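**Student:** Take this structure first; my questions come after.
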Amino acid sequence: MTSPEKLRSVVGVLFDKAVEATSGATSSNASKARKRKLETDLGVGGAFFGDEDEEHEALERGWLALDHPVMNREVFYQSRSTRINLDLYRPRFKQHLYEGEEVGVKIIDASEMVRLLGLPHIYSQYMKRKKFTQDYDPFTHYHARDQFMIFYTGSADNIIGFTKQKRYRWEDEHYSTIDSYDSKDLHGLESVIHANTVPISEITLDLEIEWAANNYVSYFYMGSGYETSSEYKANYKGFEWWTGTEWSRNKKHYRRLCKRDSKIETLRDLGNLSLLSDNS
């Protein structure tokens, strides 16, 4: 199945060709209008090389950093991104326990320590267990904005999961230290990839959001929201999603779009997207 999530992953190079395949020559006015329609419906808007001095503004316009570079440069992309306004968020758990033990958290920068702690092995085994396709190696390239949140029980070396995260800064006047990604300087924190050795995903997601809220972060980003597997994201208080033109709090419409996504199997279906009812 060619899901919207997979189609989104080739936006930077192939999006124009996908539109061309479904609507004719890209130079026509009708084709350009249809492309704009697809961008709005899917919440996809291409890509650009990032400027760290303007990342706060980029986030407010729906852009997030891709987790791997293009031509050795960081690229920002648009999708139907999801986030939580942390001013409105309320924790889902009073305690974060696994089998009666408190789940602890520690933060490390993206460095050789990641491999020394065995995080790539945990990730590889998690992907195999879930039967997920590994499209790229998230441990090959690091940016200064990357950090890892590690989850453990008992002693800190008993790691039961981790999340790779991206930190986004405010504009210059908010920085306490130029070129830093200190938590007090963050406009946003994004959960990029997650893996665990035990079933704790709901607990660890709540821990991520709680850490962001406690460290004065404004928004917590949860990645793209496509297909029915992403409906759960709307269950969180403070939930917002990128429509292609603005951040919306309309959970009902978001869930309808996720259901509709799951009906898309081919590029022809993608081209006929505007013919599908939101209620279908």
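The values are calculated or read from the model by the stated rules, or taken from the named source; none is laboratory data. None of these values were measured; they are calculated from a predicted model. Methodologically, a virtual Cβ is constructed for each residue, glycine included, from the backbone with ideal geometry; neighbour enumeration extends over all protein chains shown.
**Student:** From the list 88, 38, exactly one residue is modelled with pLDDT under 85, farther than 18 Å from residue 192 by Cβ and surrounded by 12 or more Cβ atoms within 10 Å (Cβ to Cβ). Which is it?
**Tutor:** Going through 88, 38 in turn, just one is modelled with pLDDT under 85, farther than 18 Å from residue 192 by Cβ and surrounded by 12 or more Cβ atoms within 10 Å (Cβ to Cβ): 38.
**Student:** Is it the case that residue 103 is in contact with a Leu (Cβ under 7 Å, 6 or more places away or on another chain) and at pLDDT below 90?
**Tutor:** Judged against the criteria, residue 103 is not a match.
So that you can scan it fast, the table gives a plain yes or no per residue for (1) part of a loop (DSSP other than H, G, I, E, B); (2) surrounded by fewer than 22 Cβ atoms within 10 Å (Cβ to Cβ); (3) of a type in the set (Asp, Glu); (4) in contact (Cβ under 8 Å) with a residue 12 or more places away in the chain:
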| position | (1), (2), (3), (4) |
| --- | --- |
| 213 | no, yes, no, yes |
| 220 | no, no, no, yes |
| 226 | yes, no, no, yes |
| 231 | no, yes, yes, yes |
| 234 | no, yes, no, yes |
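**Student:** Looking at residue 77, is it more than 16 Å from the chain's Cα centre (by Cα) and surrounded by 14 or more Cβ atoms within 10 Å (Cβ to Cβ)?
**Tutor:** no
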